[in-house]
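**Q** A single structure is presented below for examination.
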Amino acid sequence: MATLNSNIPSGPLSQKWENHKFSSKLINPANKRKYKIIVVGAGLAGSSTSATLAELGYEVHNFVFHDSPRRAHSVAAQGGINAAKNYQNDGDSVHRLFYDTIKGGDYRAREANVHRLAEVSVNIIDQCAAQGVPFAREYGGLLDNRSFGGAQVSRTFYARGQTGQQLLLGAYSALNKMIGAGGVISHTHSEMLDLVVVNGHAKGIIVRDLQTGGIHRHSADAIVLATGGYGNVFNLSTYARGSNVTASWRAYKRGATFSNPCYTQIHPTCIPVSGEYQSKLTLMSESLRNDGRIWVPKRKEDAKKAPADIAESDRDYYLERMYSAFGNLAPRDVASRAAKTVCDEGRGIGSTGLGVYLDFAESIRRLGEDKVRERYGNLFSMYHEITNENAYTSPMRIYPAVHYTMGGLWVDYNLMSNLPGLFVLGEANFSDHGANRLGASALMQGLSDGYFVLPNTIATYLSTVKTGGRPGTEIGEFKEAEENVQGFIRRATSGKGSRTPDSFHKQLGKLMWEHCGMARNKAGLEKGISLISDLREEYRTNLRVLGDAENWNQQLEKAARVGDFIELGELMCRDALMREESCGGHFREEYQYTAADSEVQQGIVNVGDVKRRDDQFAFVAAWEFPESADKAPILNKEPLVYEEVKMGTRSYK
Amino acid sequence: MKVTLKVWRQKNAKAAGEFKTYTSPELNPNMSFLEMLDVLNEELSNRGEEPVAFDHDCREGICGTCALVINGTPHGPHKGVTTCQTYMRSFKDGDQLIIEPWRAGPFPIIKDLVCDRKSFDRIQQAGGFITVRTGSAPDANSIPVPKGNSDLAMDAAQCIGCGACVAACKNASAMLFVAAKVSHLGLMPQGQPERYRRVKAMVEKMDTEGFGACTVTGSCEAVCPKEISLDFIARLNRDYAVSLLKGEPKRLKGGGAG
Ligand SMILES: Cc1cc2nc3c(=O)[nH]c(=O)nc-3n(C[C@H](O)[C@H](O)[C@H](O)COP(=O)(O)OP(=O)(O)OC[C@H]3O[C@@H](n4cnc5c(N)ncnc54)[C@H](O)[C@@H]3O)c2cc1C
Ligand code: SF4
Ligand code: FES
């Protein structure tokens, strides 16, 4: 069994972070320079932490598979970033942001981490504004805010519809400054394909240079993974096509535990699938729910009618009806499931019947088309590009799609995995969002981890590492890891099979969506596991990669990533099967509220809402790779002990 | 619908390239241009031919990775969109589509339709930032920014670093890109202390990377997916001229008070 010590500091919740910073060991400036740190990833988490570590004086090496750090998937975030600034004077506070996030995560996140996140949120906005991030402003020149799901205050900062790009450009500029100053060595087009563990500590990585095909060994005193989320296990998602789980998965296979893999977020407002050729699903930002109203026809006979032909009285604004307090701003998991329910009832719209309307007619009447254009113009034009429809004159068609993964590598309070020396940041770790992430809080977490948390907490580990003790890359552990990578490449390019990596990815995606998607049950998950194991066997024997390994080869890159997704898919199903409760984005059909429950009778929740089982499942699952691949993974549990918040029934009514 | 594709194929940076002609499989007009290439690649692979290498990632017009010249125009026929936001409904059944990579000296070809744009990163490393150490920032609302300035800065900041402007320019000039970066930071109060140092460093780096001179033909603005305005080039030129007049700041003799 793995040793899991969450290392949560003692003391009252609101003082833990301050106390921890004070009691942590410091490393003197002359010694910092002697430590070499590898950071894999340059999204918000990876760029911000690389820059900050270098400012502190560490020798930093940054690796990305992209051609430039600026292209990390963080660039695509649209809506905004939360912070407890209370600039709107609407009653926000660190405590409220903390509470909303814990509740939003359906009481499955670690209390102390979430509190720290809320505390640090205010520093993030200061940092970004000082870097020149062009946040939206009011006429007085001060910062503007908007509302996001799961909150009743306006605490979301934004930069038109491209908050992610602007925050990333800020972090990238900090990174560039340090690359220019020689503090960070940047390795682009470099994909990490294995982790090297020496005497139980993470001490290196094996990297493939995507341009030349060269395989290189790199050693360091500590390794930081900031490699993003794994939603592309579903093939169709709102992620960039290149996002993948490989770095995390290879670390898992080297002994890092993988937590809550089944917690995935399905975002309610995305453009529906249009055909078999579809390669990605495009998000329509949650911010649209500030002014857009979601509806379907009341009667299924009306589902195929044009929206204009459906009278106001024949429309069901189902979120407003079911969740009157939050209405269209109900959290994502709730809004997505509600969309699925009305579509399952046959009231879904569009040619496939898998769609609902997001309607701006009323806002356009109230605010005028210009105001709506100013707020959401780029989203409306994106919608137009993709669908050839005009959302100013008829409602958008939307449907839920895979968007974010709350699960990830297990980390303690210091963001260190159970493998000493391996740190995990941003979407790649599991820690802050429990079973459901609220909108605008992933950007906050990435930057909190990267700018403010890791640069402090990494010293706790480094202070135990002798300077100059870094292993050389000629030792057996590096050799074995490199041989592992080379072996895969040889097998993949030997040209025996007949199926492309893409065809496996599509098949896996459909299987995951069907058996481990928005609604899960025991029989379906068991079937999923058996189908995935067949797929895995076929992948092993029937994969074909064209081209050679000595040149740029996208099919080879894809092959490695898809192989890892197949294995991850199986673990996700196992995790979902083990978790015999519903919570946040994890909906087990067997565990939902019914009319017989007192919470329904008291009007706290609706029939069909998720039903947690705190007596048995208030823990973080941390899966450990078994001794050999033919054995089942080992389940470790970290109990969730709440000191301040009471685990309540999550109500948005 | 079906189209004929003339695609640039090149094994690696050193190899000579050539056009190869393919007939597309049956297409749906609602496919994106890149989905059309996906379908072509599956077909090529199933026939045992190596798929066409092309760059892409977000497929929603924000990461700046996709980079195809379609019938002579970077990012294809539509104004204000990237290659990945180009849909097959923009073409007709039976059309011939010529697909090439960005062609510019500072963007060497890696393979087929993929080129190397690291020179853009190096320009930004030379000065495209505001120096602010993590943790040293004042409260965000202590630096008010007039909405007009902030909106204009945002217009410039939308640049996605795709390089279409360079690909469209007969001199392979990177002026629109650098102008966007310089204007974004130069329009904000936070960006003032380093304003002239920044512009000078970035322009000089642009020259040493081998990008050509700007003769203001406007071909860059015409293909820019984010519709970055030529006005920013005028702003860059002004700032650059001032930076030359100012020269290097004089160092005062002696150290501190000790
Ligand atoms: C369309 C969309 C919109 C979103 N909008 C919002 C929003 O409005 N607000 C919000 O808070 N959140 C939003 N999110 C979520 C948020 O954007 C992400 O969770 C977050 O940006 C992830 O950042 P990251 O730094 O952890 O990882 P990423 O940005 O995904 O970066 C991963 C990095 O790791 C590198 N990498 C990965 N694997 C390897 C490897 N094996 N070797 C080398 N390098 C590797 C990549 O090159 C990249 O640099 C959105 C997400 C999507 C999909
Ligand atoms: S200025 Fe326009 S064309 Fe040039 S890199 Fe930026 S977005 Fe691309
Ligand atoms: S693939 Fe990201 S802009 Fe086209």
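The values are calculated or read from the model by the stated rules, or taken from the named source; none is laboratory data. Keep in mind it's a predicted model, so treat the numbers as computed, not measured. Here the Cβ is made from the backbone with ideal geometry for all residues, glycine too, and neighbour counts use every protein chain on show.
**Q** Can you tell me which residue is farthest from ligand 2 (Cβ to nearest atom) among those in the range B:162-202 that are part of a loop (DSSP other than H, G, I, E, B) and surrounded by 24 or more Cβ atoms within 10 Å (Cβ to Cβ)? Steps first, answer last, please.
**A** Here is the first cut: in the range B:162-202, the residues part of a loop (DSSP other than H, G, I, E, B) are B:162-163, B:169-174, B:187-188, B:192-194.
After this cut, where a residue has to be surrounded by 24 or more Cβ atoms within 10 Å (Cβ to Cβ) as well, the list is B:162, B:169, B:173-174, B:187-188.
Working: B:CYS162: 4, B:CYS169: 10, B:SER173: 10, B:ALA174: 8, B:LEU187: 16, B:MET188: 18 Å.
For the range B:162-202, the residue satisfying everything is B:MET188.
**Q** Which members of the range B:1-48 meet the condition of being basic (Lys, Arg), more than 7 Å from chain A (Cβ to nearest Cβ), in contact (Cβ under 8 Å) with a residue 60 or more places away in the chain and assigned to a loop (DSSP other than H, G, I, E, B)? I'd like the intermediate steps shown before the answer.
**A** Taking the range B:1-48 first, the residues basic (Lys, Arg) are B:2, B:6, B:9, B:11, B:14, B:20, B:47.
Narrowing further to those that are more than 7 Å from chain A (Cβ to nearest Cβ): B:2, B:6, B:9, B:14, B:20, B:47.
Checking the rest, the ones that are also in contact (Cβ under 8 Å) with a residue 60 or more places away in the chain come to B:2, B:6, B:9.
Matches in the range B:1-48: B:LYS2 only.
**Q** Name the single residue, out of those in the range A:91-127 being within 8 Å of chain B (Cβ to nearest Cβ) and in contact (Cβ under 8 Å) with a residue 60 or more places away in the chain, that is surrounded by the fewest Cβ atoms within 10 Å (Cβ to Cβ).
**A** Here is the first cut: in the range A:91-127, the residues within 8 Å of chain B (Cβ to nearest Cβ) are A:123, A:125-127.
Now drop any that are not in contact (Cβ under 8 Å) with a residue 60 or more places away in the chain, which leaves A:123, A:127.
Numbers: A:ASN123: 19, A:GLN127: 27.
Among those residues, the one meeting the criterion is A:ASN123.
**Q** Still on this model: Between a first residue in the range A:493-505 that is more than 8 Å from every other protein chain (Cβ to nearest Cβ) and closer than 27 Å to A:LYS280 by Cα and a second residue that is acidic (Asp, Glu) and surrounded by 16 or more Cβ atoms within 10 Å (Cβ to Cβ), which pairs have beta carbons less than 9 Å apart while being 6 or more apart in sequence or on different chains?
**A** So the pair list comes out as A:PRO501/A:GLU557.
**Q** When you scan the range B:131-142, do you find a residue that is within 7 Å of chain A (Cβ to nearest Cβ) and in contact (Cβ under 8 Å) with a residue 24 or more places away in the chain, even just one?
**A** Scanning the range B:131-142, I find at least one residue that is within 7 Å of chain A (Cβ to nearest Cβ) and in contact (Cβ under 8 Å) with a residue 24 or more places away in the chain, so the answer is yes.
**Q** Pick from B:CYS66, B:CYS58: which is on the phi < 0 side of the Ramachandran plot, touching a Cys at 6+ places or on another chain (Cβ under 8 Å), more than 10 Å from every other protein chain (Cβ to nearest Cβ) and in a loop (DSSP other than H, G, I, E, B)? If you could, list the steps in order and put the result at the bottom.
**A** On the way: B:CYS58 fails: more than 10 Å from every other protein chain (Cβ to nearest Cβ).
Matching residue, one of B:CYS66, B:CYS58: B:CYS66.
**Q** Please specify each residue of the range A:386-415 satisfying the condition of being among the charged types (D, E, K, R) and either within 16 Å of ligand 2 (Cβ to nearest atom) or in a loop (DSSP other than H, G, I, E, B) (or both).
**A** Quick first cut of the range A:386-415, residues among the charged types (D, E, K, R) only: A:389, A:397, A:412.
Listed by number, the residues that qualify are A:GLU389, A:ASP412.
**Q** Determine whether A:MET396 is within 29 Å of the chain's Cα centre (by Cα), touching a residue at least 40 places away in the same chain (Cβ under 8 Å) and within 14 Å of chain B (Cβ to nearest Cβ). Steps first, answer last, please.
**A** Numbers: within 29 Å of the chain's Cα centre (by Cα): yes; touching a residue at least 40 places away in the same chain (Cβ under 8 Å): yes; within 14 Å of chain B (Cβ to nearest Cβ): no.
Against the criterion (within 29 Å of the chain's Cα centre (by Cα), touching a residue at least 40 places away in the same chain (Cβ under 8 Å) and within 14 Å of chain B (Cβ to nearest Cβ)), A:MET396 does not qualify.
**Q** Of all the residues that make up the range A:243-264, how many are within 9 Å of ligand 1 (Cβ to nearest atom) and of a type in the set (S, T, N, Q)?
**A** The qualifying residues number 4.
Each row is one residue, and each column tells you yes or no for (1) in contact (Cβ under 8 Å) with a residue 12 or more places away in the chain; (2) away from ligand 3 (no atom under 16 Å from the Cβ); (3) of a type outside the set (D, E, K, R).
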residue: B:GLY161; (1), (2), (3): yes, no, yes
residue: B:ALA164; (1), (2), (3): yes, no, yes
residue: B:CYS169; (1), (2), (3): yes, yes, yes
residue: B:MET175; (1), (2), (3): yes, yes, yes
residue: B:VAL178; (1), (2), (3): yes, yes, yes
residue: B:MET188; (1), (2), (3): yes, yes, yes
residue: B:ARG195; (1), (2), (3): yes, yes, no
residue: B:ALA201; (1), (2), (3): yes, yes, yes
residue: B:GLY210; (1), (2), (3): yes, yes, yes
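**Q** Then there is this: Report whether or not A:ALA76 is within 30 Å of A:ALA222 (Cα to Cα) and within 16 Å of ligand 2 (Cβ to nearest atom).
**A** yes
**Q** Restrict the check to the range A:164-187 and report whether at least one residue is within 9 Å of ligand 1 (Cβ to nearest atom) and closer than 30 Å to A:GLU480 by Cβ.
**A** Yes - at least one qualifying residue is present in the range A:164-187.
**Q** Identify, please: which residue in the range A:136-157 is within 11 Å of chain B (Cβ to nearest Cβ) and in a loop (DSSP other than H, G, I, E, B) and is, among those, farthest from B:ALA157 (Cα to Cα)? Steps first, please.
**A** First, the residues of the range A:136-157 that are within 11 Å of chain B (Cβ to nearest Cβ): A:136-144, A:157.
Of the ones still in play, those that are also in a loop (DSSP other than H, G, I, E, B) are A:136, A:138-142, A:144.
Numbers: A:ALA136: 12, A:GLU138: 18, A:TYR139: 20, A:GLY140: 21, A:GLY141: 18, A:LEU142: 19, A:ASP144: 18 Å.
Filtering first and then ranking leaves A:GLY140.
**Q** Now for a different question. Counting only residues that are surrounded by 24 or more Cβ atoms within 10 Å (Cβ to Cβ) and at pLDDT 95 or above, give me the helices (runs of 4 or more DSSP H) lying completely in the range A:1-89 with at least 2 of them. Outline the logic, then answer.
**A** On the way: elements: A:16-23, A:29-32, A:44-56.
By residue number, A:44-56.
**Q** Right, here's the next one. Scanning the range A:446-462 for residues that are farther than 13 Å from A:GLY46 by Cβ and buried (at least 24 other Cβ atoms within 10 Å of the Cβ), which turns out farthest from the chain's Cα centre (by Cα)?
**A** Checked the range A:446-462; the qualifying residue farthest from the chain's Cα centre (by Cα) is A:ILE458.
**Q** Turning to a different aspect of this structure: Can you go through B:GLY80, B:GLY135 and tell me which one is within 13 Å of ligand 2 (Cβ to nearest atom) and of a type outside the set (D, E, K, R)?
**A** The conditions single out B:GLY80.
**Q** Only residues that are within 9 Å of ligand 1 (Cβ to nearest atom) and over 19 Å from A:HIS218 (Cβ atoms): list them for the range A:48-67, please.
**A** A:SER48 - this is the single residue of the range A:48-67 that is within 9 Å of ligand 1 (Cβ to nearest atom) and over 19 Å from A:HIS218 (Cβ atoms).
**Q** While we're on this one: What about B:PRO106, is it within 19 Å of B:ARG59 (Cβ to Cβ), in contact (Cβ under 8 Å) with a residue 12 or more places away in the chain and in contact with a helix residue (DSSP H, G or I) (Cβ under 6 Å, 6 or more places away or on another chain)? Please lay out each step first, then the result.
**A** Values: within 19 Å of B:ARG59 (Cβ to Cβ): no; in contact (Cβ under 8 Å) with a residue 12 or more places away in the chain: yes; in contact with a helix residue (DSSP H, G or I) (Cβ under 6 Å, 6 or more places away or on another chain): yes.
Criteria not met by B:PRO106.
**Q** For the structure I just gave you, tell me whether A:VAL233 is in contact (Cβ under 8 Å) with a residue 40 or more places away in the chain and either crowded, with 24+ Cβ neighbours inside 10 Å or away from every other protein chain (no Cβ under 13 Å) (or both).
**A** yes
**Q** Go through the residues of the range A:304-315 one by one and say whether even a single one is outside any helix (DSSP H, G or I), within 22 Å of A:LEU379 (Cβ to Cβ) and either in contact with a Phe, Trp or Tyr (Cβ under 6 Å, 6 or more places away or on another chain) or not assigned by TED's automatic domain parsing to the domain that holds A:HIS586 (or both). Give the steps one after another, and end with the answer.
**A** First, pick out the residues of the range A:304-315 that are outside any helix (DSSP H, G or I): A:304-306, A:310-311, A:315.
With the extra rule that they be within 22 Å of A:LEU379 (Cβ to Cβ), the set shrinks to none.
No, that holds for no residue.
**Q** Quick one: which residue in A:THR227, A:THR264 is in contact (Cβ under 8 Å) with a residue 40 or more places away in the chain, under 27 Å from A:GLN162 (Cβ atoms), β-branched (Val, Ile, Thr) and in contact with a His (Cβ under 9 Å, 6 or more places away or on another chain)?
**A** Values: A:THR227 fails: in contact with a His (Cβ under 9 Å, 6 or more places away or on another chain).
Answer to the selection: A:THR264.
**Q** Next up: State whether one or more residues within the range B:85-100 are small (Gly, Ala, Ser), surrounded by 14 or more Cβ atoms within 10 Å (Cβ to Cβ), within 16 Å of ligand 2 (Cβ to nearest atom) and closer than 22 Å to B:LYS226 by Cβ. Spell out how you get there, then give the answer.
**A** Pass one, the range B:85-100, residues small (Gly, Ala, Ser): B:90, B:94.
Narrowing the set further to residues that are surrounded by 14 or more Cβ atoms within 10 Å (Cβ to Cβ) leaves B:90.
Adding the requirement that they be within 16 Å of ligand 2 (Cβ to nearest atom) leaves none.
No: zero hits.
**Q** Sticking with this one: Taking A:ARG293, is it under 22 Å from A:GLY104 (Cα atoms) and either surrounded by fewer than 18 Cβ atoms within 10 Å (Cβ to Cβ) or touching a Phe, Trp or Tyr at 6+ places or on another chain (Cβ under 7 Å) (or both)? Break it down stepwise before answering.
**A** Numbers: under 22 Å from A:GLY104 (Cα atoms): yes; either surrounded by fewer than 18 Cβ atoms within 10 Å (Cβ to Cβ) or touching a Phe, Trp or Tyr at 6+ places or on another chain (Cβ under 7 Å) (or both): yes.
Judged against the criteria, A:ARG293 is a match.
**Q** Only one of (1) surrounded by fewer than 20 Cβ atoms within 10 Å (Cβ to Cβ); (2) away from ligand 1 (no atom under 16 Å from the Cβ); (3) within 26 Å of the chain's Cα centre (by Cα) is not met by A:ILE386, so which one is it?
**A** Looking at each condition in turn, A:ILE386 falls short on (2).
**Q** Determine whether B:ASP155 is free of Cβ contacts under 8 Å to residues at least 60 places away in the same chain, more than 7 Å from every other protein chain (Cβ to nearest Cβ), away from ligand 3 (no atom under 16 Å from the Cβ) and of a type in the set (D, E, K, R). Explain how you work it out, then say what you get.
**A** Working: free of Cβ contacts under 8 Å to residues at least 60 places away in the same chain: no; more than 7 Å from every other protein chain (Cβ to nearest Cβ): yes; away from ligand 3 (no atom under 16 Å from the Cβ): yes; of a type in the set (D, E, K, R): yes.
In short, no.
**Q** Do we find that A:SER431 is surrounded by fewer than 22 Cβ atoms within 10 Å (Cβ to Cβ) and over 16 Å from A:PRO297 (Cβ atoms) in this structure? Please lay out each step first, then the result.
**A** Numbers: surrounded by fewer than 22 Cβ atoms within 10 Å (Cβ to Cβ): no; over 16 Å from A:PRO297 (Cβ atoms): yes.
So A:SER431 fails the test.
**Q** Kindly indicate which of A:GLY426, A:GLY434 is within 14 Å of ligand 1 (Cβ to nearest atom) and among the small types (Gly, Ala, Ser).
**A** Numbers: A:GLY434 fails: within 14 Å of ligand 1 (Cβ to nearest atom).
Just a single option satisfies the conditions, and that option is A:GLY426.
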